[in-house]
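Let me begin by presenting the structure, written as structure tokens, before commenting on it.
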């Protein structure tokens with residue numbers, strides 16, 4: 001299994017940090033040159049700016065486009081290798097010595113998931129499906145879980161994501177958390193084995209000043225979010241019930 005690590009060519013300190021973490025592991029670290037947002041020229045056929053503003057309520061942030069396209073680049077690279085699974089990682093993460101062993105433990109149940117989340121920025125209300133060793137549990141998130149710093153995918157998930165997530169009209173970690181629309185089975189580990197806050201400054205430019213006026217967001221963003229969250233709860237309830245009742 002390979003780990004495809006998204007790394008800005010200029011972020012040498014981050015690369016060295018990940019190289020040290022992977023040195024004792026069996027998993028091979030392959031660094032993917034990140035797409036530099038500042039180099040993207042708009043309009044771009046990979047990005048729907050109108051829909052982005054209506055659904056996300058912000059003006060375009062080129063660094064978010066760079067992040068998004070970098071994940072798609074990593075997924076496309078994985079589809080060219082011969083392995084059944086791959087790790088997709090951002091370069092500002094950290095993990096301890098249990099990282100690889102818990103992933104191999106989870107893969108004993110690989111029929112249950114196409115996408116396995118290894119990090120997150122919200123609680124996500126994980127519902128336990130399988131108890132693993134070392135205090136870890138294989139779970140399904142019931143509510144929103146942003147953050148895409150680390151995840152495991154199989155070929156089916158990577159292929160479906162490349163199709164469903166093009167063009168971009170949400171930030172990647174928001175689009176990434178809508179797996180029910182792609183025909184992909186998603187699970188997570190609890191506790192999350194990957195830390196997304198290891199002290200490196202973010203390379204995503206601040207978006208607070210990019211927010212559209214409240215009245216514009218109220219008209220389109222809030223109805224979309226209501227629909228999105230209701231859909232999430234409905235489909236994840238169904239997914240959890242299936243996971244609880246089906247024996248693999």
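Tabulated data for the structure shown
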quantity	calculated
Residue 146 versus residue 13: modelled label distance in nm, points set 7 Å from Cα along the beta carbon direction	2.5 nm
Cα centroid separation, the range 114-154 to the range 1-55 (Å)	21 Å
DSSP bridge orientation in the range 2-245 - percent antiparallel, rounded to nearest 5	55 percent
Spin-label model distance (nm) - residue 82 vs residue 229, 7 Å beyond Cα toward Cβ	4.8 nm
Gyration tensor (alpha-carbon) shape descriptor, the range 1-73, a/c threshold 1.5	prolate
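Computed from the coordinates by the stated procedures, all read-outs in this text should not be read as laboratory data. Quantities reported herein were computed from a predicted structural model and do not represent experimental measurements. Neighbour counts are summed over all protein chains in view; Cβ atoms, including those assigned to glycine, are modelled from backbone coordinates with ideal geometry.
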